[in-house]
Amino acid sequence: MNAWFSVFAALFLVIFLVLLSLVGVGAIGLNGLFGVYIPYVASAIFLIGVIIRVLQWAKIPVPFRIPTTCGQAKSLPWIKANNLEAAWSLRSSFSGRCSGTRRLRSGRDRG
């Protein structure tokens, strides 16, 4: 479907709805229908659609991907850190000793 066709189709649909309401209120006298009932029905359809969409979204186990990076510095106290990958923890110092990176950090291998 062409983008211009979509724009003009929406424009003509809006013009048709405006003319329909003008004819309905002016010529036929359906003030209650166009002034009270149709707005309430439209609002109810909108709210029900939003609720259904949120419930469908809530059923998905992972709705979007959150990229994370490991080995970050110490953060806020309420954020749980992964001590195995954090450079500031004792466990990472131990694992660094095992892999030889501790010597490189301290400068012992520099001649």
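Quick look at the numbers
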read-out	value
Dimensionless Rg ratio for segment 3-59, taking C-alpha atoms and the 2.2 N^0.38 Å reference	1.55
Residue exposure sequence - V23, V62 - by fewest surrounding Cβ within 10 Å	V62, V23
Trypsin sites (Lys or Arg not before Pro) restricted to DSSP loop in segment 1-70 with at most 11 other C-beta within 10 Å	R65
Net length gained if the chain between I79 and Y40 were fully extended (0.36 nm per residue, minus Cα distance)	9.5 nm
Fully extended contour minus Cα-Cα distance, from V25 to I51, at 0.36 nm per residue	6.2 nm
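Every number in this text was worked out from the coordinates using simple rules, so none of it is lab data. Keep in mind the model is a prediction, meaning the values are calculated, not measured. Here the Cβ is made from the backbone with ideal geometry for all residues, glycine too, and neighbour counts use every protein chain on show.
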